[in-house]
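Quick note: the coordinates plus some simple rules give every number you see, no bench work behind them. Worth saying up front: this structure is predicted, and the values here are computed from it rather than measured. Cβ placement follows ideal geometry from the backbone for every residue including glycine, while neighbour counts extend to all protein chains displayed.
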Ligand code: PMP
Ligand code: GLU
């Protein structure tokens, strides 16, 4: 009787959210944990955006919205795409959903038939393979390692494509690695994709504005790719609005229609008040985005410097997002000293990345996420969306904990 559907039996919980919950649990027990697990800006939502939401409540914008979002919001998104990405989309090609995660879920459900292959470069964001599997798709991973800055090559992509390939999910700037594909690199991948008629790209651009290397490039701007691409973006990261739950898809109309059809049965339109806040975000002064970007860049520089001082970690310089994804496999097989400071790990061996992250949590009191969840079992992820002081203290704790391993 008490058995969930088969489709849920193979689903793993979001590892990022799970680790964050674990960190909150320890905090509730009075343990001073620094949470580098979940990735969300530590800034408050800018005042002008909050004011728009307050006004929306007072104006009684509190009823169902059209399923794909308010017309004014779709207009603001179309203007954003033109202004920032030089891409022209009609409102009928845009669907607003309850966060970028919801947009990705909609698009996958709308496009994938059972048995279809979904190419997901690894390291990948934790939810992609879970959602692809939920839709009956078969995730196909292309390994990208630190030696190639965690990016896939056109030759790797070509080799992974089969007649069953339906989707490719690209994320640039990437969670968890911070890697960014340049326009030239995207053009080269596009050339491979365009040679195969059936393939659509979901381009997750949620970290567009957290870019420390120059202008953002969307694969939809590569010649011939706009008809093959569903762009996913939202307000969560750029405007520090993770709790408001607003994301959008901009895609060929037939895909947008599919997402809207699904959304009409699953959730209806997203939160009316949040939509009004999102209009203020996209139409308002963009200085807040640049101020936060600069703060993240400074923190990126700080965490890279501190992590490189820890022996045994291999660290690339992430060009975007707010994650560091060091290789930590040199610690696998090492044993923890038998001592009181090592707590539950006294005398125990670190076998893998999950052990490594648990060790950092239980001994160092720093919550991170194991690379296993991202398809890169030799690495672990730290979010540096924290104050400089917390970053410095966290890296000090990690360094001290790792000294117990020999
Ligand atoms: N894509 C990536 C790569 C992310 O890191 C996140 C944040 N968890 C999302 C999508 C989802 O963002 P949202 O909060 O808008 O659902
Ligand atoms: N972007 C965040 C992360 O990857 C959010 C957590 C989630 O939605 O899974 O940590």
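Numbers at a glance
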read-out	value
Computed lengthening from residue 267 to residue 194, 0.36 nm per intervening residue step minus Cα-Cα distance	22.9 nm
Cα long-axis angle, helix 47-58 against the chain (0 to 90 degrees, to the nearest 10)	50 degrees
Paramagnetic label zone (point 7 Å from Cα along Cα-to-C-beta, residue 406; backbone N under 13 Å) in the stretch 332-347	335-339, 347
Extension reserve of the residue 9-residue 393 stretch, reckoned as 0.36 nm per residue once the Cα distance is removed	134.3 nm
Helix-only mean residue ellipticity at 222 nm for the chain, each DSSP H run of n ≥ 4 adding -39500 (n - 2.57), per residue, nearest 500	-12000 deg cm²/dmol
Residue 283-residue 48 pseudo-label distance in nm [points 7 Å out on the Cα-to-Cβ vector]	1.2 nm
Fluctuation leader among 155, 15, 135 - the chain, Gaussian network, Cα springs under 10 angstrom	155
In nm, spacing of pseudo-spin labels at residue 59 and residue 90 (7 Å Cα→C-beta vector)	2.7 nm
Choice from 231, 249, 152 showing the highest fluctuation, given a GNM over the chain with Cα pairs closer than 10 Å	152
FRET efficiency estimate (nearest 0.05) - Cβ-Cβ, residue 164 to residue 254, R0 30 angstrom	0.90
Proxy reagent accessibility, fewest Cβ within 10 Å first, across 22, 27	27, 22
Ranking of 317, 38, 126 by count of other Cβ atoms within 10 Å, fewest first	317, 38, 126
For the stretch 114-156 versus the stretch 1-62, the gap between their alpha-carbon centres in whole angstrom	25 Å
Cα-only Debye scattering, the stretch 191-273: base-10 log of I(q)/I(0) at q = 0.21 Å⁻¹	-1.08
Proxy reagent accessibility, fewest Cβ within 10 Å first, across 274, 329	329, 274
0 to 90° range, to nearest 10: angle between helix 287-308 axis and the chain longest Cα axis	30 degrees
Label point at residue 213 placed 7 Å out along Cα→Cβ; residues across the stretch 158-192 whose backbone nitrogen lies under 19 Å	169-191
Largest-first principal axis extents, alpha carbons of the stretch 1-140, Å	48, 44, 38
Cα-based helix-to-principal-axis angle, 71-85 vs the chain, degrees rounded to 10	70 degrees
The stretch 258-276 versus the stretch 197-250: alpha-carbon centroid distance in Å	19 Å
Candidates 79, 367, 159: whichever shows maximal mean-square fluctuation once the chain is modelled as a Gaussian network with Cα springs under 10 Å	159
